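*Asks:* Could you have a look at this structure, given as structure tokens, before my questions?
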Amino acid sequence: MLTALYIHVPFCEKICVYCDFHKEIATLTKKTKYIDALIKELIKNKDTLKNIKTVYIGGGTPSNLPLDLLEKLLEAINENINITNEVEFSIETNPNDITIQKALLFSKYNINRVSVGVQTFNNDHLKFLGRTHNKSDVINAVNNLHKAGINNINIDMIFSLVKQTEAELREDIKEVLKLDITHLSYYSLILEEKTTLYHLYNQNKVSMNSEDIEALMYNIVIDSLVENGFNHYEISNFCKDGFESNHNTIYWKNLDYLGIGSGSHSLINNKRFYNESNVTKYINDTMNDIDEIKVEYDTEPLREELIMGLRLLKGININDINTKYNIDLLEDYKELNEFIKKDLLVLDNGFIHFTRKGLMLGNLVFGIF
Ligand code: SF4
């Protein structure tokens, strides 16, 4: 039985310069048809969702759906899945979407964890990134969520922004720490192909920070958050005690999940699937039952499990992985012993995990798998 469900809503108000997610700007008619198709796919799979423990509505920007469409989707989820108190039910949002009405709607339909895409509080950086909110929108959003009784709040942040100074980073962290939140995802700015940022970089119109500056900033992020009561539990994720993301932990532990909606991925019985990513085709195929919209693709389960497992600061249980894959991890991947000698990895009570130095050089380690 599956325990995790991901629901994709691929619509955004505006496209951010760095974003390579599956998203688009669409008309209300297209959004309406999409929600109908999404609900149809949900109902088709409802029998596999009886034991669900986490539901995550991501995007795109699900919070940007008009109130009535959002309500239609949330109503259908509640009608078809038993959302008990134990279920972690999350939604991704942009700060300027979280009016008190939307916050109350979330809580009416049992959403108990909200992720807010903030990225930075600096107006110049927000403008460059193509974000549509400002600092007061973030404060209002968090207040509205608390007023609606939703206290499990994640903030997404980005460091090592183009031309970001150390002082600006510290200012961002200071603002984050003023918020009453339980979880923080803090990623460095990544140059992804097919983004505006990538084109600007290739035309020499922007430069990216060096690895040294990125490492310096990453260290500042870790130190500041840990000193202020956050547990650093995954390479880019921090939480207050007991507030790890249950949904994302399913991905990091390489456990099964079902994804519905265009372009979503699923992992079921060691097989990976993706859904049709063209939104119009997804809608047509789903509504007309034309095709099986899930397409299987090749995976490397051991490699994926090693990479995802090492993202967790607790690391990988060596016995478990040896038994599951019938391997001898430290023998089959001899380079791991070199990384241990160089203080990038450490053996700790049957687990292997990154040291602080290793966190800065994660890609070097991941490269051997
Ligand atoms: S709002 Fe999120 S999903 Fe939409 S373009 Fe920006 S980063 Fe991408």
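*Asks:* Return yes when I327 is out of contact with any His (no Cβ under 8 Å at 6 or more places or on another chain), in a loop (DSSP other than H, G, I, E, B) and either within 21 Å of N270 (Cβ to Cβ) or of a type outside the set (G, A, S) (or both) and no when it is not.
*Replies:* yes
*Asks:* Could I ask something else about it? Within region 233-253, is there a residue that is of a type in the set (K, R), surrounded by 16 or more Cβ atoms within 10 Å (Cβ to Cβ) and farther than 24 Å from T61 by Cα?
*Replies:* No: zero hits.
*Asks:* Something else about it: Of everything in region 147-157, what is buried (at least 21 other Cβ atoms within 10 Å of the Cβ) and within 30 Å of N204 (Cβ to Cβ)? Give them in sequence order.
*Replies:* Hit for region 147-157 is M157, nothing else.
*Asks:* Could you grab me the full set of residues in region 54-79 that are polar (S, T, N, Q) and free of Cβ contacts under 8 Å to residues at least 60 places away in the same chain?
*Replies:* T61, S63, N64, N78
*Asks:* Could you look through region 74-113, keep only residues that are within 16 Å of L5 (Cα to Cα) and of a type in the set (V, I, T), and pick out the one that is surrounded by the fewest Cβ atoms within 10 Å (Cβ to Cβ)?
*Replies:* T84
*Asks:* With N140, N123, N144 as the choices, which residue is surrounded by fewer than 16 Cβ atoms within 10 Å (Cβ to Cβ), away from the ligand (no atom under 14 Å from the Cβ) and either modelled with pLDDT of 95 or more or not assigned by TED's automatic domain parsing to the domain that holds D172 (or both)?
*Replies:* Selected residue: N123, the only one of N140, N123, N144 that is surrounded by fewer than 16 Cβ atoms within 10 Å (Cβ to Cβ), away from the ligand (no atom under 14 Å from the Cβ) and either modelled with pLDDT of 95 or more or not assigned by TED's automatic domain parsing to the domain that holds D172 (or both).
*Asks:* Any residue at all in region 214-231 that is over 30 Å from P301 (Cβ atoms), of a type outside the set (G, A, S), outside any helix (DSSP H, G or I) and modelled with pLDDT of 95 or more?
*Replies:* Yes, region 214-231 has at least one match.
*Asks:* Also: Name the residue, out of D47, D97, D68, D20, that is over 21 Å from G263 (Cα atoms), within 16 Å of the ligand (Cβ to nearest atom) and not aliphatic (A, V, I, L, M). So that I can check it myself, show each step before the final result.
*Replies:* Numbers: D47 fails: within 16 Å of the ligand (Cβ to nearest atom); D68 fails: within 16 Å of the ligand (Cβ to nearest atom); D20 fails: over 21 Å from G263 (Cα atoms).
Within the list D47, D97, D68, D20, the selection yields D97.
*Asks:* Among what's in region 23-42 and is more than 10 Å from the ligand (Cβ to nearest atom) and in a loop (DSSP other than H, G, I, E, B), pick the residue that is nearest to the chain's Cα centre (by Cα). Even if it seems obvious, please write down each step before you answer.
*Replies:* Filtering region 23-42 down to residues more than 10 Å from the ligand (Cβ to nearest atom) leaves 26-42.
Those still in the list that are in a loop (DSSP other than H, G, I, E, B) too: 26-27.
Details: A26: 22, T27: 26 Å.
My answer is A26.
*Asks:* Determine whether region 63-73 contains at least one residue that is buried (at least 23 other Cβ atoms within 10 Å of the Cβ) and not in a helix (DSSP H, G or I).
*Replies:* Yes, because at least one residue in region 63-73 is buried (at least 23 other Cβ atoms within 10 Å of the Cβ) and not in a helix (DSSP H, G or I).
The values are calculated or read from the model by the stated rules, or taken from the named source; none is laboratory data. Remember, predicted model here, so these are calculated numbers, not experimental data. Heads up, the Cβs are rebuilt from the backbone with ideal geometry, glycines too, and the neighbour counts pull from every protein chain shown.
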